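The values are calculated or read from the model by the stated rules, or taken from the named source; none is laboratory data. As the structure is a computational prediction, the values presented were derived from the model and not from experiment. Note: ideal-geometry Cβ built from the backbone for every residue, glycine included; neighbour counts use all protein chains shown.
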Amino acid sequence: MLQASDLKQIMQHWAEVMGRNRDYLIELDSHVGDSDLGLTMGDGFAAASKAIAEMDETDIGKLAYSAGKAMSTAVPSTMGTLMASGLMAVGKALKGKTEMDDQTVADFFQAYFDGVQSRGKAQVGDKTFLDGLYGAVGVLKADAADGKPLAEAAKRAAAAAHDGFLNTRGMLAQHGRAAGRGEQSRDLLDPGAAVADLLMQGFSEFVAGKTETVE
Amino acid sequence: MLQASDLKQIMQHWAEVMGRNRDYLIELDSHVGDSDLGLTMGDGFAAASKAIAEMDETDIGKLAYSAGKAMSTAVPSTMGTLMASGLMAVGKALKGKTEMDDQTVADFFQAYFDGVQSRGKAQVGDKTFLDGLYGAVGVLKADAADGKPLAEAAKRAAAAAHDGFLNTRGMLAQHGRAAGRGEQSRDLLDPGAAVADLLMQGFSEFVAGKTETVE
Amino acid sequence: MKKIINTPEGFITEMLEGIYAAHPDQVNYVENDLHCLVSVKKVPGKVGIATGGGSGHLPLFLGYVGEGMLDGCSIGDVFQSPSAEQMLAVTKAIDSGAGVLYIYGNYGGDILNFDMAAEMADFEEDIRVESVVAGDDVASGAPVKPGAKNTRRGVAGIFFVYKCAGAAAAKLLDLDNVKRVAEKVCENVRTMGVALTPCTVPRVGHPSFELADDELEIGMGIHGEPGIRRGKLIPADTIVDEMLNQIIDDLPYEKGDEVAVLVNGLGATPLEEQYVMFRRINQVLSEKGIKIFHTYVGEYATSMEMAGASISLLKLDDELKELLAAPADTPFFKQFQY
Amino acid sequence: MKKIINTPEGFITEMLEGIYAAHPDQVNYVENDLHCLVSVKKVPGKVGIATGGGSGHLPLFLGYVGEGMLDGCSIGDVFQSPSAEQMLAVTKAIDSGAGVLYIYGNYGGDILNFDMAAEMADFEEDIRVESVVAGDDVASGAPVKPGAKNTRRGVAGIFFVYKCAGAAAAKLLDLDNVKRVAEKVCENVRTMGVALTPCTVPRVGHPSFELADDELEIGMGIHGEPGIRRGKLIPADTIVDEMLNQIIDDLPYEKGDEVAVLVNGLGATPLEEQYVMFRRINQVLSEKGIKIFHTYVGEYATSMEMAGASISLLKLDDELKELLAAPADTPFFKQFQY
Ligand SMILES: Nc1ncnc2c1ncn2[C@@H]1O[C@H](COP(=O)(O)OP(=O)(O)O)[C@@H](O)[C@H]1O
Ligand SMILES: Nc1ncnc2c1ncn2[C@@H]1O[C@H](COP(=O)(O)OP(=O)(O)O)[C@@H](O)[C@H]1O
Ligand SMILES: [Mg+2]
Ligand SMILES: [Mg+2]
Ligand SMILES: [Mg+2]
Ligand SMILES: [Mg+2]
């Protein structure tokens, strides 16, 4: 069972992961975009984490919503606004919950996915963040239904996200700056999908760390 | 005795000399000025020479005046306008003359000097073109009075002009861009004085060439 | 990175402080946020026009807030969209009951945030908001098909949208009509750019791309987005011909048409060179029988210190001519009635 | 040399062709010489104001020819004076019986040619000509002693001379009074510049000097003339403090004074950075109790693609305030009455 305090730690860990991967994301974004992704994701998750770190709130939905609002104000770039939309959608979906079981964790990421999709109006296969997250959400749902331990599910979800990211090579970009490149965009990896990959790696690390501590 | 046709040849030779020394003058002017002197002197003397080359005119004064006018229109830089003023002053002083004896040659350069001085209001010692020409005019006058051959006088005048040019190192610039440098200007050679040096070298070469041909 | 700044982090805030200090009689900010800029003059019953976008393009975007043009602008960090909250703050401040028109460039981040802001304005504030998205850059996508989504980037041509829609709003036309004018300009304006050097986003610290000393890139976007082709530096007339022909063929602009021309410097390219370009534009248009109604030359939409320029043509009808010629008085763009 | 030009030789002629093609309703040329630019509007009984100088400084000089400012301008090649004949042609064209005032910067070549032109105008044409020579660059010489020759270079501050003298002439003041206004502005304006990169004269083909990647030069002139000191790149506020303190001490500008401020970009420095500079200027002046009457920020006197900026202060009295606030409408400078 994950609590509100766990969400705070997950946000903090995501902020660290994005900070650590600043140059990696800048590099990815420089081939196709404006090189800002490392900055916006670092700043955005840091702001989201900071906004809720000291909050006296046990409602996981409200925390996620607040984190999203903070993200949207801090980094209103494409990915910033999409990540904000994802977190705010999680907020609406999980409002009232103070604990997350494994099924709720899957719901968390499904809501995140839906929030991004309804804001950005992209489809799976359009070479975006969604392609990174899509497979991971599927794994989390299936493993929760199967009753697999969260640490294992998170690890498999992270692998799926990584595959999803790698599979964006070959896709034709339909959105954002990359779309302007037309066929040329196929050769490149999608930077937004790399963020989905990092989010799932980070989540898996967090769950693994927590499991160790508990065991 | 020099004729109108000789003045045309002198102007043409000066144009060649300035063209040949384009980069030398640019380099000199770059330390203290705006690096244009090589361009303006090259273009200016070319225009002056071209303006009179085909003129059906035997009056040396009128030719010099026309050359000066053409110079002033072609290159209205400091040195361009001063060289124009020099030539136009020669024009006024020698108006009506169709020949120059050695004394008149000395008058030619004295008038040139005066024209530059009255336009620019500089004094000898102010680190300008005047410092290059001053000694040369003195030599031409003295040698004409002494009845020395023109080729010899021209050679000595060229040497004096060269000394005059070298002696501008150490002088404090009072005019033009160099004046803005204050004490720093002392270390540099004056580019305008280099033009006086080239004019006298060119004149000496012309006279030497003519003397050879005649002898 | 050779810039006159204090710190990359403080750059935009300090720039904005400078702008408010320099133009106190023309612009102000709302909700204590320097990024939310509004005109000091509010005209009752007038449609409010708001724009917004990333910094680094002055005089775009905020420089056109003033009489006869825009009413407000939300400002992001360098090349980054402002937030939906900031857009909403501006929207609330400039609405005087006649509704608000958003005019902005076709970039993913801006679209997402303006959409979010429009939703909030409608649901939370009951302000009617309409949006017109400018996508004039011929180099950045296939020709626009009627009804289909425009995939082209918005660049300097948005100046014409501001100018005409601003004049329409100043005439107290209603929201539908101001929007109609803005859309008409979008349909009739085309732009193409050329870059000679990159620019550096202060927080990134190095140029966003490289161009060799003898290279240029035709069609590059104002954030350094890739263009149509990279090649050796060629004479000004050849550059203009290449750009202009693609612009002319795209709409197309035809013999007998009347146009406004905008030659726009991207930042480091001197006005002298922009006029050398216009000389050729004028020759080509007159050969093709396209009449120039009015010409604008200068820096209208920049990429900080990028060297390069863009050319925009706007095809005019009587309505647009009248609106274009109307006076305007903003910190960066002033025009007497002509 | 990365420029959008055709040939170095044709650069200025083609730029001028571009200017006349772009602004046919405002400027024209006389005696079949593109270098002799005049306003299309001639006001009977008005003192004519002419300027002139080398090219490469747009909008200086010719860009200020128009209503409320100048009447004519002779234009030289890049950084080179126009000829006395060209100045005379402009003088003849703009004289409407009230005489002509020459306003130009303190450079040897310009002085010689304007002096020659003034002599010719007097002797050949019987036109009364007076001259005012602007030398506002604090970095370029010792403080001006009353009665003594000013050895300082004229830089961006000449804009204020044009503006106020132009407004005085527009009020139909006589030649002596227009000259008096121009001299008053010259006595009360001071400027200082900073350069970050050199520029290249097209016909020379390489930069006129070098500055390392982390260096700037305080006090450099607009043709690259040496400044006061070269040093490491420092923060914007430190640059401004160094320049502004020298300007303030020079006149001096004192507590209680009212000033106009001009922040001028030299060519490649973005407006954003100019506003970061103005932010600090505003802070310093307000600490010192010097009141800002009006602020101008932008490119007013450039050195082609040089990166850098200058700061000018003009101390105002009631007469200058009124003249500064008067409207003007030229191709490059437009201002509504304020
Ligand atoms: N409509 C969309 N829906 C989902 N993801 C999108 C959409 N548009 C762009 N993206 C994602 O955003 C990423 C770029 O984000 P970001 O660098 O923030 O963009 P920008 O800098 O252009 O604002 C892309 O790699 C892509 O994954
Ligand atoms: N008042 C003056 N009288 C005589 N010579 C002068 C005067 N002012 C400058 N000069 C000469 O002009 C030279 C510079 O000429 P030039 O390069 O044409 O100047 P600029 O490029 O500044 O117009 C100086 O080296 C000096 O010899
Ligand atoms: Mg990006
Ligand atoms: Mg020179
Ligand atoms: Mg610029
Ligand atoms: Mg510029």
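Some observations on this one:
- Per-region count, segment C:89-142, residues part of a helix (DSSP H, G or I) and either within 16 Å of ligand 2 (Cβ to nearest atom) or on the phi > 0 side of the Ramachandran plot (or both): 0
- Among the criteria (1) closer than 21 Å to residue C:154 by Cβ; (2) more than 18 Å from the chain's Cα centre (by Cα); (3) part of a loop (DSSP other than H, G, I, E, B), the one residue C:303 does not fulfil is (2).
- Residue in segment D:306-321 that is touching a residue at least 60 places away in the same chain (Cβ under 8 Å), crowded, with 24+ Cβ neighbours inside 10 Å and within 16 Å of ligand 4 (Cβ to nearest atom) present: no
- Residue match in segment C:106-125 (condition: away from chain A (no Cβ under 12 Å), modelled with pLDDT of 95 or more and farther than 21 Å from residue C:35 by Cβ): no
- Any chance residue B:202 is under 22 Å from residue B:112 (Cα atoms), more than 16 Å from ligand 1 (Cβ to nearest atom), touching a residue at least 60 places away in the same chain (Cβ under 8 Å) and in contact with a Phe, Trp or Tyr (Cβ under 8 Å, 6 or more places away or on another chain): yes
- Among the conditions (1) surrounded by fewer than 19 Cβ atoms within 10 Å (Cβ to Cβ); (2) in contact with a strand residue (DSSP E or B) (Cβ under 9 Å, 6 or more places away or on another chain); (3) more than 20 Å from residue B:203 (Cβ to Cβ), the only one that residue B:36 does not satisfy is (1).
- Check on residue C:287, more than 30 Å from residue C:207 (Cβ to Cβ), more than 16 Å from ligand 5 (Cβ to nearest atom) and modelled with pLDDT of 95 or more: yes
- Residue B:119 charged (D, E, K, R) and modelled with pLDDT under 95: yes
- Residue list for segment B:114-168, restricted to those being among the acidic types (Asp, Glu), within 12 Å of ligand 2 (Cβ to nearest atom) and outside any helix (DSSP H, G or I): B:126
- So residue D:145, is it within 11 Å of chain B (Cβ to nearest Cβ), out of contact with any helix residue (DSSP H, G or I) (no Cβ under 9 Å at 6 or more places or on another chain) and either without any contact (Cβ under 8 Å) to a residue 40 or more places away in the chain or of a type in the set (A, V, I, L, M) (or both): no
- Any pair with Cβ under 8 angstrom, 6 or more apart, that starts in segment D:259-276 at a residue that is within 15 Å of residue D:195 (Cα to Cα) and ends at one that is at pLDDT below 95 and within 16 Å of ligand 4 (Cβ to nearest atom): D:266/D:222; D:267/D:199
- The set of residues in segment D:228-257 that are more than 14 Å from every other protein chain (Cβ to nearest Cβ), surrounded by fewer than 16 Cβ atoms within 10 Å (Cβ to Cβ), not small (Gly, Ala, Ser) and not in a helix (DSSP H, G or I) comprises D:252, D:254, D:255.
- Options C:161, C:155; residue that is β-branched (Val, Ile, Thr) and outside any loop (DSSP other than H, G, I, E, B): C:161
- For segment B:28-43, the tally of residues that are within 19 Å of the chain's Cα centre (by Cα), assigned to a helix (DSSP H, G or I) and within 12 Å of ligand 4 (Cβ to nearest atom) stands at 7.
- Residue within segment B:16-24 that is away from ligand 3 (no atom under 16 Å from the Cβ) and within 12 Å of chain D (Cβ to nearest Cβ) present: yes
- Flag not set for residue A:179, criterion: more than 16 Å from ligand 2 (Cβ to nearest atom) and under 13 Å from the mean Cα position of the chain (by Cα).
Residue-wise test of (1) more than 26 Å from residue A:102 (Cβ to Cβ); (2) polar (S, T, N, Q).
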residue: A:148; (1), (2): no, no
residue: A:157; (1), (2): no, no
residue: A:165; (1), (2): no, no
residue: A:168; (1), (2): yes, yes
residue: A:172; (1), (2): yes, no
residue: A:179; (1), (2): yes, no
residue: A:192; (1), (2): yes, no
residue: A:203; (1), (2): no, no
residue: A:210; (1), (2): no, no
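- Unmet criterion (only one of (1) more than 14 Å from chain C (Cβ to nearest Cβ); (2) modelled with pLDDT of 95 or more) for residue A:43: (1)
- Scan segment C:34-80 for residues that are part of a strand (DSSP E or B) and aliphatic (A, V, I, L, M) and the total you get is 8.
- Number of residues in segment B:57-77 that are of a type outside the set (A, V, I, L, M), within 13 Å of chain D (Cβ to nearest Cβ) and surrounded by fewer than 22 Cβ atoms within 10 Å (Cβ to Cβ) equals 2.
- Pairing residues of segment A:23-35 that are among the basic types (Lys, Arg) with residues that are more than 16 Å from ligand 2 (Cβ to nearest atom), at Cβ distances under 9 Å and at least 6 apart in sequence or on separate chains, gives no pairs at all.
- Selection count, segment D:17-31, where residues are touching a strand residue (DSSP E or B) at 6+ places or on another chain (Cβ under 8 Å) and facing chain C (nearest Cβ under 7 Å): 4
- Tabulated pairs, segment B:165-191, first of a type in the set (Phe, Trp, Tyr), second modelled with pLDDT of 95 or more, C-beta under 8 angstrom, 6+ apart or interchain: B:165/B:131; B:165/B:132; B:165/B:189; B:165/B:190; B:165/B:193; B:165/B:194; B:165/B:196; B:165/B:197
- All of C:293, C:336 fail the test of being hydrophobic (A, V, I, L, M, F, W, C) and at the interface with chain D (Cβ under 8 Å from one of its Cβ atoms), apart from C:336.
- Of the residues in segment C:269-282, at least one is at the interface with another protein chain (Cβ under 8 Å from one of its Cβ atoms), at pLDDT 95 or above, crowded, with 21+ Cβ neighbours inside 10 Å and not in a helix (DSSP H, G or I).
- Scanning segment C:258-268 for residues that are within 12 Å of chain D (Cβ to nearest Cβ) and either within 16 Å of ligand 3 (Cβ to nearest atom) or more than 19 Å from residue D:8 (Cα to Cα) (or both) turns up C:260, C:261, C:262, C:263, C:265, C:266, C:267.
- Some residue of segment C:311-327 being more than 26 Å from residue C:61 (Cα to Cα) and either within 12 Å of chain D (Cβ to nearest Cβ) or part of a helix (DSSP H, G or I) (or both): yes
- When restricted to residues that are more than 16 Å from ligand 4 (Cβ to nearest atom) and over 18 Å from the mean Cα position of the chain (by Cα), segment B:156-173 contains 4.
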